[in-house]
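The values are calculated or read from the model by the stated rules, or taken from the named source; none is laboratory data. No experiment lies behind these values; they were computed from the predicted model shown. All Cβ positions, even for glycine, are placed from backbone atoms using ideal geometry, and neighbour counts span all protein chains on display.
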């Protein structure tokens, strides 16, 4: 798989590349399953210095743009942290899933746009 890593930035949304780590890609019955885990907080970031990783939320699955005619599902593991100063569990607020859908907002917007397309 490492020989294909240079093509990954063209296939996955930019926010995923910045904030998540690709753990595996499987193809089952013509469907691509992309597994990603949220990266841990940067220890050098002063806003995150009191955060201690406490594992992940349950995996969620969202549909993304098809690749070469194959469905693509992102299996996303979001991280949670314990703020050692306040004792509260914290997590990043991701809004990349389209409202009322189980697909990325980018893909949901694309589908809305093509449904409005009126050929001449």
Q. Tally time: how many residues in region 30-42 are surrounded by 16 or more Cβ atoms within 10 Å (Cβ to Cβ) and closer than 18 Å to residue 15 by Cα?
A. 6
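Conditions (1) in contact with a strand residue (DSSP E or B) (Cβ under 8 Å, 6 or more places away or on another chain); (2) at pLDDT below 80, marked per residue:
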position	(1), (2)
12	yes, yes
19	yes, no
22	yes, no
41	yes, yes
46	no, yes
69	no, no
99	no, yes
106	yes, yes
115	no, yes
Q | Of all residues in region 72-86 being free of Cβ contacts under 8 Å to residues at least 40 places away in the same chain and in a strand (DSSP E or B), the one that is surrounded by the fewest Cβ atoms within 10 Å (Cβ to Cβ) | A | 83
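Being under 20 Å from residue 16 (Cα atoms) and touching a residue at least 12 places away in the same chain (Cβ under 8 Å) narrows it down to one of 89, 62, so name that one.
Result: 62 is the single residue among 89, 62 that is under 20 Å from residue 16 (Cα atoms) and touching a residue at least 12 places away in the same chain (Cβ under 8 Å).
Filter region 43-71 down to the residues that are in contact with a helix residue (DSSP H, G or I) (Cβ under 8 Å, 6 or more places away or on another chain) and either outside any strand (DSSP E or B) or surrounded by 16 or more Cβ atoms within 10 Å (Cβ to Cβ) (or both) and list them by number. Full working, then the answer.
To start, the set of residues in region 43-71 that are in contact with a helix residue (DSSP H, G or I) (Cβ under 8 Å, 6 or more places away or on another chain) comprises 63-65, 67.
Matches in region 43-71: 63, 64.
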Q.
Looking only at region 19-42, how many residues end up being in contact with a helix residue (DSSP H, G or I) (Cβ under 7 Å, 6 or more places away or on another chain) and in a strand (DSSP E or B)?
A. 3
